[in-house]
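S.K.: Have a look at this one before I ask anything.
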Amino acid sequence: MDSAENIIEMIGITKSFPGVVANDDVTLDVKDNEVLALLGENGAGKSTLMSVLFGSYAPDKGTIKIRGKVVNIDDPNVATALGIGMVHQHFKLVHNYTVAENIVLGYEPKNKFGMIDIKKAEKDVEVLSKLYGLEVNPRDKIEDITVGMQQRVEILKVLYRKADIIIFDEPTAVLTPQEIDELMEIIRLLKEQGKTIIIITHKLKEIKAVADRCTVLRRGKVVGTVNVAEVSETQLAEMMVGRAVKFEIEKNPPHFGSVKLKIENLNVKNSRGQMAVRDLSLEVRAGEILGIAGVDGNGQSELLQGITGMLPAESGKIFLNDVDITKYSIRKRIEAGLGHVPEDRQKHGLIGQFTVAENVALKNYYLPPYTKNGCVLVESEMVKKADSLIQAFDIRAGQGAQTLAGSMSGGNQQKAIIAREVDLGGDVMVIAQPTRGLDVGAIEYIRRRILEERDKGRAILLISFELDEIMNLCDRIATISKGTIVGTFNEGEVTEREIGIMMAGSKDKDAEKMA
């Protein structure tokens, strides 16, 4: 390929961390005004490579050219000066600042007295947001806006700094399906306006929707670069994981047992004191996966937190194995046999500064064999258990049980959480967003493990925004709208479209037929 066409060339990039080579002699080129997808499994080295391009990491060796000139990007400020911006997977926003304050942070307009001119900042943000079709309220506080709006703020931060090259790192990992559609439109618009886009992802539908070319990484090495229009999702998946991937998991017929989790007329308030779960009732049997389908913000998070004890129930009852656990502490619920895979693995699932061994023992560290004489932690037992789970759940941790959880990829963090919850052995598992932000290989693995637990007789309540996941895994599906269950169906009784109608608030899956 003629290098004159390329706005970016990364040649022979190698970057290592203790116990792992994240990028192994990687060469990558990006054409001016194209959308290049960077595809790979969790831990393949995608984010590391882009962090090298953005100046967050220094490469061990290799050369970077921007617009044909060799550059030394040893700092994100250098990248910004070169017209490179990065929208990070985990947003870098100050939550008690306004939208405008976040966007201009570090580049604030000043008045004639040298003071920050917040009115001008708000006006600049308003003009910029309208120019790019990213309308936001400059005066809103970050803590009061949706995740999708927060991402718009991150994009506007980059555009405010006059970036021509924009890197999106797993941009849809925390978005709802509607927000994902909006983002795809935004990326198309940015390309039309002359921007060059690199999108780090493992979601094949999104690559097919917006990317011109796709470079695939596997275990730190480049597998190949393809024109997206010329390959199928199946071919991309095989390039990514090195084997054929099943998009639909085969299920054994269910064998239902007794009711293990029962919720009666539950009411739970959200953090703002508003009732988010309203008179909600449901039952989950042994050997069953009951899926909760709904648009984000309709009480799913509060339902999950009410069941697990993270939020108090205002009224109603929660029964586990016919025992009323409504007033139980979180620890007592765990001891009663309630497993929990949280929707935010980094906030509620793991402690990033702890090792895998410490995280595996997080819920029962005070019990033998992890504790001796009631007060002394036995680290060797934690390491022993972690090593066995790393092996059993294919957790890729560069330093084994001593790997810091926060240093692992999202997929491996999720595997570690599921390994811990499965190993605890409770009768009921409440699982939220189990495959959010994961690659197709990790998705296939985690879905299969969930089905294995169902086949062992566990009762599983599954909350997911991925409708195909709900349709694929669940024996029954309940749709939630405004904190209330609006319909419950057995597998095969309802289509994805009909669920979508009820998610919008209709109590009748046939509503559109009567319209």
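The values are calculated or read from the model by the stated rules, or taken from the named source; none is laboratory data. Computed from a predicted structure; not experimentally measured. All Cβ positions, even for glycine, are placed from backbone atoms using ideal geometry, and neighbour counts span all protein chains on display. Just so you know, the surface numbers come from the protein's heavy atoms only, side chains and all, with ligands and any DNA or RNA stripped out. Shrake-Rupley method; radii C 1.70, N 1.55, O 1.52, S 1.80 Å.
S.K.: If Thr215, Thr146 are ordered by their accessible area, calculated over protein heavy atoms with a 1.4 Å probe, which sequence runs from highest to lowest?
M.R.: The most accessible residue leads, giving Thr146, Thr215.
S.K.: Hey, another quick one. Label point 7 Å out from Asp212 along Cα-to-Cβ: which residues of the range 52-78 have amide N under 20 Å?
M.R.: Residues 65-69 qualify, since their backbone N sits under 20 Å from the label point.
S.K.: Full-extension gain between Leu105 and Phe256, please, as 0.36 nm times their residue separation minus the C-alpha to C-alpha distance.
M.R.: Using 0.36 nm per residue and subtracting the Cα-Cα distance, I get 48.8 nm.
S.K.: Now a separate question. Which of the peptides 343-352, 296-305, 321-330 is most tightly packed, and how do the rest follow, going by the mean number of other Cβ atoms within 10 Å of each residue?
M.R.: Highest-to-lowest ranking by the protection proxy: 296-305, 343-352, 321-330.
S.K.: Same structure, new question: Could you give the angle, 0 to 90 degrees to the nearest 10, between helix 118-131's Cα long axis and the longest principal axis of the Cα atoms of the chain?
M.R.: For helix 118-131, the angle is close to 90 degrees.
S.K.: Determine the per residue accessible area of the chain with all protein chains present and a 1.4 angstrom probe, expressed in square angstrom.
M.R.: 44 Å²
S.K.: A further question on this structure: Can you pick out the pairs among Lys269/Lys347; Lys15/Lys141; Lys191/Lys415; Lys69/Lys208; Lys221/Lys385 whose Cα atoms lie more than 26 Å from each other?
M.R.: Distance filter (> 26 Å) returns Lys15/Lys141; Lys191/Lys415; Lys69/Lys208; Lys221/Lys385.
S.K.: What does the extension gain come out to for Asp140 and Ser271, with contour length at 0.36 nm per residue minus their alpha carbon separation?
M.R.: 45.3 nm
S.K.: Just to check, using Stokes-Einstein with a Kirkwood Rh over alpha carbon pairs, what's the diffusion coefficient of the range 23-150 at 10 °C and 1.306 mPa s in µm²/s?
M.R.: 92 µm²/s
S.K.: Next up: How much length is gained if the chain between His348 and Lys69 is pulled fully straight, taking 0.36 nm per residue apart and subtracting their Cα-Cα distance, in nm to one decimal?
M.R.: 96.0 nm
S.K.: Now a separate question. With a 1.4 Å probe and all protein chains kept in place, how much accessible area does His90 have, in Å² rounded to the nearest 10?
M.R.: Accessible area, nearest 10 Å²: 100 Å².
S.K.: If I take R0 = 56 Å and measure r between the Cβ atoms of Ser380 and Gln193 in this structure, what FRET efficiency does the formula 1/(1 + (r/R0)^6) give, to the nearest 0.05?
M.R.: According to the calculation, E is roughly 0.45.
S.K.: Also, quick follow-up: Give the carbon-plus-sulfur fraction of the accessible surface of the chain in %, rounded to a whole number; probe 1.4 Å, heavy atoms of protein chains only.
M.R.: 49 percent
S.K.: Rounded if a/c is under 1.5, else prolate if a/b is larger than b/c, else oblate: which is the range 195-280, with a ≥ b ≥ c the root eigenvalues of its Cα gyration tensor?
M.R.: oblate
S.K.: So how much accessible area does Ile470 have, in Å² to the nearest 10, using a 1.4 Å probe?
M.R.: 0 Å²
S.K.: Which three extents, in whole angstrom, do the alpha-carbon atoms of the chain cover along their principal axes, largest first?
M.R.: Extents along the principal axes: 69, 56, 52 Å.
S.K.: Separate question: Under the rule a/c < 1.5 gives rounded, and otherwise a/b versus b/c splits prolate from oblate, where does the range 201-339 land using the Cα gyration tensor?
M.R.: Taking the square roots of the gyration eigenvalues as a ≥ b ≥ c, the range 201-339 is prolate.
S.K.: Only Cα pairs under 8 Å and at least 6 apart count here; give the relative contact order of the chain as a rounded whole percent.
M.R.: 15 percent
S.K.: If you restrict to DSSP beta bridges whose two residues both lie in the chain, what percentage is antiparallel, to the nearest 5?
M.R.: Within the chain, antiparallel bridges account for around 55 percent of the total.
S.K.: May I ask for the angle, rounded to the nearest 10°, between helix 440-455 and the longest principal axis of the chain, with both axes built from Cα atoms and the value confined to 0 to 90°?
M.R.: 0 degrees
S.K.: Can you give the calculated 222 nm mean residue ellipticity of the chain, where each DSSP H run of n ≥ 4 adds -39,500 (n - 2.57) and the sum is split over every residue, rounded to the nearest 500 deg cm²/dmol?
M.R.: Taken over the chain, the calculation gives -9500 deg cm²/dmol.
S.K.: List the lysines whose Cα lies under 23 Å from the Cα of Lys112, skipping any in the same chain that are fewer than 8 positions away.
M.R.: Once the sequence-local lysines are set aside, what remains near Lys112 is Lys120, Lys123.
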